[in-house]
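Below is one structure, written out as structure tokens, with a few remarks after it.
The values are calculated or read from the model by the stated rules, or taken from the named source; none is laboratory data. Model, not experiment: these values are computed from the prediction. Backbone-built Cβ (ideal geometry, glycine too); neighbour counts: all protein chains shown. Calculation scope for accessible area: heavy atoms of the full protein, side chains included, ligands and nucleic acids excluded. Shrake-Rupley method; radii C 1.70, N 1.55, O 1.52, S 1.80 Å.
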Amino acid sequence: MNRAPLKRSRILHMALTGASDPGDQAEGSGEKPFLLRALQIALVVTLYWLTSISMVFLNKYLLDSPSLRLDTPIFVTFYQCLVTVLLCKSLSTLAACCPGTLDFPTLHLDLRVARNVLPLSVVFIAMITFNNLCLKHVGVAFYNVGRSLTTVFNVLLSYLLLKQATSFYALLACGVIIGGFWLGVDQEGAEGTLSLTGTIFGVLASLCVSLNAIYTKKVLPAVDGSIWRLTFYNNVNACVLFLPLLLLLGEFQALRDFAQLGSAHFWGMMTLSGLFGFAIGYVTGLQIKFTSPLTHNVSGTAKACAQTVLAVLYYEETKSFLWWTSNLMVLGGSSAYTWVRGWEMKKTPEDPSPKEGEKSTVGV
């Protein structure tokens, strides 16, 4: 029996609701040998980890490298959006020229659709900008803790905007995350490495990730439920809106004075960061398809742990016991929340409409 391809609209639905792919349940476990399925899952999870971790370290290099000395975080974000637009358009053209070789929607810029997507684009711009600004001001090791409040904001916004109650055990997991966040901030301050600016940007990034999930559901009908069309319009709008910001913040002047502006190495690294930014959306959906949304969240949590350890080793940092405790609290609280939500979903029938408040780890 041939397996029907999983639509990306369905992938987003599963990511937001924590639901499993019904096709997987219907087909049963006899479709493929266990070892083959295990190998596929291992390869997909490894690809997700490599893409996500590489993107974080590469962005850190571009945003805050002493050897590069490039102080243009908005331009770095703008260029990544531009690469995504060009990749989307190139893949769309390739799919149209060679039917059957590539499954990618036809993309034509429609100003009416772009206007409908604009509210989400504003949130999207804030999300990726605050993410990069947080990474610029804090170390990679603290980056996960600095952006750890997404789950807490999911619960808060679900209550304020959707009037959805949250169970006691889920709230308890959120309390552990908040405790880990505050302990991490305290320990960064004790070690003299705390950036208050970076921490504030991390909190704002967490808020925008939650808002992005809510607005994504509202805007998806405008692009016929296509994640790739939404990605295209989001990044087109972002490129346009970033231009006045680049002018107002003086980043064009900073670029003009940048010593390595003509360096092939610099532009190669910039383009590579854009490729990783484009790829992370695809491998996230791929991991959800081959595992499940809940397993994806667990994988993202484990990836964050590995990323933290790698950062401490790579930058040769020494961290206290309480600093590591704060990371374990954040990771443990996130895993506990994922487990609680999965347990609750097994007890109640699946809601056919996505719940905006649920966490979708797309992560960096």
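Solvent-accessible area assigned to carbon and sulfur over region 65-217 amounts to 68 percent, based on a 1.4 Å probe.
Placing pseudo-labels 7 Å out from each Cα toward the beta carbon at HIS265 and LEU249 gives an inter-label distance of 2.5 nm. By a 1.4 Å probe calculation restricted to protein chains, VAL155 has an accessible surface near 20 Å², given to the nearest 10.
Over the chain, DSSP H runs of length four or greater, each weighted -39,500 (n - 2.57), average out per residue to a 222 nm ellipticity of -25500 deg cm²/dmol. Charging the Cβ of each Asp and Glu at -1 and of each Lys and Arg at +1, and nothing else, the dipole of the chain about its Cα centre rounds to 700 debye. Estimated from the Cβ-Cβ distance and a Förster radius of 35 angstrom, the FRET efficiency linking ARG256 and THR46 is about 0.25. Taking LEU204, LEU313, LEU107 in turn, the Gaussian network model of the chain (Cα-Cα springs below 10 Å) assigns the largest fluctuation to LEU313. When the Cα convex hull of region 134-279 is projected onto planes of every orientation, the mean area is 12.0 nm². A Förster radius of 56 Å, combined with the Cβ-Cβ distance separating LEU171 from CYS97, puts the computed FRET efficiency at roughly 0.60. Approximating the spin labels as points 7 Å out from Cα along Cα→Cβ, the ALA190-to-LEU156 distance works out to 2.5 nm. Judged by the mean number of other Cβ atoms found within 10 Å, the most tightly packed of the peptides 332-343, 227-238 leads the ranking 227-238, 332-343. Directionally averaged projected area (the chain, Cα convex hull): 19.7 nm². Converting phi to 3J(HN,Hα) with the Karplus coefficients 6.51, -1.76 and 1.60 and the offset θ = phi - 60°, region 238-246 yields 4, 4, 5, 6, 6, 4, x, 5, 4 Hz in sequence order, with x at every glycine or proline. Per-residue surface analysis assigns HIS137 an accessible area of about 80 Å², computed on protein heavy atoms at 1.4 Å probe radius. A simple spin-label model places pseudo-atoms 7 Å from Cα toward Cβ; at TYR315 and THR197 they are separated by 1.6 nm. Stretching the chain fully between TRP182 and GLN164 yields a gain of 3.9 nm (0.36 nm per residue, less the alpha carbon separation).
Kindly provide log₁₀ I(q)/I(0) values, in the same order as q = 0.30, 0.32 Å⁻¹, from the Debye equation applied to equal alpha-carbon scatterers of region 239-289. For region 239-289, the Cα-only Debye profile gives -1.02, -1.03.
As a calculated quantity, the FRET efficiency between LYS347 and PHE57 at R0 = 45 Å, using C-beta atoms, amounts to about 0.65. Applying the criteria of a DSSP loop state and at most 16 other Cβ atoms within 10 Å to the trypsin sites (Lys or Arg not before Pro) of region 45-126 yields ARG69.
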